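Comments concern the structure below.
The values are calculated or read from the model by the stated rules, or taken from the named source; none is laboratory data. Since we're looking at a predicted model, the values are computed, not measured. Counting neighbours? That spans all protein chains shown, and the Cβs are built from the backbone with ideal geometry, glycine included. The area values use the complete protein model at the heavy-atom level, side chains included, leaving out ligands, DNA and RNA. Shrake-Rupley method; radii C 1.70, N 1.55, O 1.52, S 1.80 Å.
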Amino acid sequence: MKEATFIRQHLEKWRGYETVAESPRISTPDEIAEAYIDVTSDLAFSQTHYPTSRITLYLNNLASALHNEIYRNKRERWTRLLTFWTQEVPHTMWQARSELRTSAIIFGLSLLVGVVSQWLDPDFARFVMGDAYVEMTLDNIAAGKPMDVYASSPEDTMFGMITMNNIFVSFLVFVMGLLTSFATGFQLLRNGIMVGAFQTFFFQHGLLWDSALAIWLHGTIEISSIVVAGAAGIAMGNGWLFPGTYSRLRSFQMGAKRGLKIVIGTVPLFCIAGFIESFLTRHTEWPDALRVAIILLSATFIVYYFIILPYRRHGIHQTKD
């Protein structure tokens with residue numbers, strides 16, 4: 001790579017890191033650490049290809065400044081617990097915005113595949129959900145209680161089982177990134193097809209509205225969090241598929257760290273989704289307006305926290321820059 005091209009590709013990023021070094025209080029410890037790792041990687045590249053260049057001296061000075069800030073910047077543990085969800089996760093979501101977009105597209109297309117497949121073949125639901133589950137649901141429909149599956153267990157037992165299962169699914173979607181981002185995409189595909197087929201199955205039995213209220217009461221948070229976990233897995237998988245100017249190992253480490261932070265950030269949401277599914281979804285007798293309000297509130301929170309807040313925090317950093 002020509003030196004001019006190297007500088008042009010990274011100059012804007014380095015200027016941002018200058019601001020981090022000069023005004024560390026506007027950044028989290030992880031942001032400073034990531035800046036330091038990024039700069040030292042660029043420094044190593046520059047030392048290898050342009051050892052006598054002024055850009056190598058510039059990067060060395062910038063890396064030294066960031067190094068000093070890392071060891072000078074000390075914060076209390078309880079502050080980190082607060083800033084993790086209010087600053088670090090939104091910041092990481094901004095960095096992973098393209099991965100989130102990709103995850104949402106994959107899930108949306110797979111959901112459509114599930115809808116079309118079930119529409120063309122009414123027995124498709126048996127293939128993705130199993131004969132036993134479909135037969136149980138048909139029995140519930142015949143008994144006039146189509147959503148009775150959500151009331152089949154005691155609330156507290158159901159809460160523990162569902163929450164742990166949802167967290168397991170999210171970590172599975174993330175960990176599949178170890179086998180490249182395509183493996184995570186496959187997990188998103190499976191989940192999306194199941195949701196699409198399940199919803200269409202109820203539509204074919206004249207229960208679209210009732211099933212949508214029940215499924216999306218908890219599913220708004222649960223399914224959105226799976227999509228977010230998909231972004232985490234794609235970030236890790238892309239880390240070693242597309243290392244850029246980093247070594248493949250360093251790129252993978254950065255992607256894994258970013259993805260792990262994202263998937264940990266979804267854990268409280270899966271707990272909330274598990275609570276809703278265990279204690280609220282079973283109450284199909286509640287007014288439709290109340291359940292729609294819960295769905296809209298959940299959707300508003302998801303959009304704000306994972307899309308709007310990261311953009312706002314990025315805007316604040318840009319303004320201070």
Q. If you roll a 1.4 Å probe over the chain with all protein chains in place, what percent of the accessible area is carbon or sulfur?
A. 65
Q. Under the definition of Cα pairs under 8 Å and six or more residues apart, what whole-number percent is the relative contact order of the chain?
A. 22
Q) For the chain, which longest stretch is free of loop sites, where a loop site is one of the GluC sites (Glu not before Pro) that DSSP puts outside H, G, I, E and B and that has at most 13 other Cβ atoms within 10 Å? A) 77-284
Q | Helix axis angle, 29-49 relative to the chain longest principal axis, alpha carbon, degrees | A | 50
Q.
Taking the solvent-accessible surface of protein heavy atoms with a 1.4 Å probe, what is the per residue accessible area of region 160-212 in Å²?
A. 47
Q) In square angstrom, what is the accessible area per residue of region 218-275 with a 1.4 angstrom probe? A) 33
Q: Work out which trypsin sites (Lys or Arg not before Pro) in the chain are exposed loop sites (DSSP not H, G, I, E or B, at most 11 other Cβ within 10 Å) and give the longest gap free of them.
A: 76-321
Q) Hull surface divided by four, with the convex hull built on the Cα atoms of the chain: how many nm²? A) 18.9
